[in-house]
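Structure first, commentary second.
Values quoted throughout were computed directly from the atomic coordinates according to the rules given, and no laboratory measurement underlies them. Keep in mind that what you see is a predicted model, and the values were worked out from it rather than measured. Don't worry about glycine lacking a Cβ; one is built from the backbone with ideal geometry, like all the others, and counts go over all protein chains shown.
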Amino acid sequence: MEYLEIIVDRPRERVGRITLNNPQKRNPITNEMRAEIFRALEAAEVDDSIRVTVIRGAGKCFSSGYDLKAGVRGAHEQNQPFYTAKGLGNWARHLIESNFRMWDMAKPIIAQVHGYCIAGASELALASDLVYVAEDAIIGYPIVRNGTPPNVQFYPWLMGMRDAMEMMLTGDSISGAEAAQNGFANRAYPADELEDAVLNMAERVAKVPSDVQQFNKRAVHAQMETMGIRHGLRAGAEIHTLARYTETCQAMQKAVREDFSGALAKRDATFGDYEKKSKD
């Protein structure tokens, strides 16, 4: 099976791995990349020699998030990996369905996060069953500063209201060490130890046969669903859509169309993070 946006390999016995592979641009997540990710995950689902899949990023980071330039051009609504009903809120609703596709797969998915894990990249990580991060990873959702809340409202469910609220009201990032403390991630490791730690855990997960593991995964998800996570995430997508029509968000979209990099730098300048950190 040929892939252009990702690399697929087998780093350990019974362990599959997907690497987001556009490191020159910090692995922006396009619809083409998303289609390949789902194709690889679905191939692993029917491959008896794979029991768990790791998702990581090539180069200096996991991912900078969804390809914002594609969003400005309206390309998010084009070439989606699967059909989602059209109309207002299509993109946010499509992403909710994308996360549930990962959620509902039988075999476990592990996110291996280093460097930047921004916005949509955090949604990809949080849709995974296990998340392991480098201690110095930079995780955040800066779009809340003059755009919208997340498409997928995983943050309060996994981190709790107070930690999630602080991130949503400031757009500030957290480190990998903080992410492990507040429930975003399972554990944090020194960056040079992360890959071995993830693969060792993947091997442990893979010791459990898939016919048993699928029920272990469903049993945990069933508790979250009983508490209302599916309804909550879908409601969050509708709020995200409303936010796109605020005066501030409309102005930001116009600024991004006119000067992409400049608009992002201006957004974060008074906070002194993200773009500044990337140059340090």
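Restricting the chymotrypsin sites (Phe, Trp or Tyr not before Pro) of the range 17-118 to loop positions (DSSP other than H, G, I, E, B) with no more than 15 neighbouring Cβ atoms within 10 Å leaves F82, Y83. In the chain, the DSSP beta bridges split such that about 25 percent are antiparallel, to the nearest 5. Assign one of three labels to the range 155-280, namely rounded, prolate or oblate, based on the Cα gyration tensor with a ≥ b ≥ c the square roots of its eigenvalues; rounded applies when a/c is under 1.5, prolate when it is not and a/b is larger than b/c, and oblate otherwise. Oblate is the answer for the range 155-280, as a/c is 1.5 or above yet b/c matches or exceeds a/b. Taking K and R as +1 and D and E as -1, what net charge do the other residues with C-beta under 11 Å from the C-beta of A191 add up to? Result for the neighbourhood of A191: -4. Residues C249, C61, C117 in ascending order of nearby Cβ atoms (within 10 Å, fewest first): C249, C61, C117. Using a cut-off of 27 Å between Cα atoms, the listed pairs K60/K266; K60/K217; K25/K254 include K60/K217 as exceeding that distance. Largest GNM mean-square fluctuation among H76, H231, H221, using the chain with Cα springs under 10 Å: H231. Centre-to-centre, using Cα atoms only, the range 88-155 and the range 174-235 are separated by 13 Å. How much net charge surrounds R101 when only other residues with a Cβ under 11 Å from its Cβ are counted (Lys, Arg +1; Asp, Glu -1)? Local net charge: -3. Quick check: net charge around G236, other residues with Cβ under 12 Å of its Cβ, Lys/Arg +1 and Asp/Glu -1? Net local charge, G236 excluded: +1. Extension gain for the segment E166 to K86, taken as residue separation times 0.36 nm less the Cα-Cα distance, is 25.5 nm to one decimal. Taking amide H as placed 1.01 Å from N in the peptide plane, I138 has its amide H under 5 Å from the amide H of G115, Y116, C117, each at least 5 places away in sequence or on another chain. Only one item in (i) 125; (ii) 149; (iii) 139 matches volume of the Cα convex hull per residue in Å³ derived from the coordinates shown, and that item is (i).
The calculated 222 nm mean residue ellipticity attributable to helices in the chain amounts to -14500 deg cm²/dmol, summing -39500 (n - 2.57) over DSSP H runs of n ≥ 4 and dividing by all residues. Coupling constants for the range 181-192 follow from the phi torsions by the Karplus curve (6.51 cos²θ - 1.76 cosθ + 1.60, θ = phi - 60°), and in residue order they are 6, 9, x, 5, 10, 6, 8, 10, 9, x, 3, 6 Hz; glycine and proline get x. In terms of other Cβ atoms within 10 Å, E247, E32 run from fewest to most in the order E247, E32.
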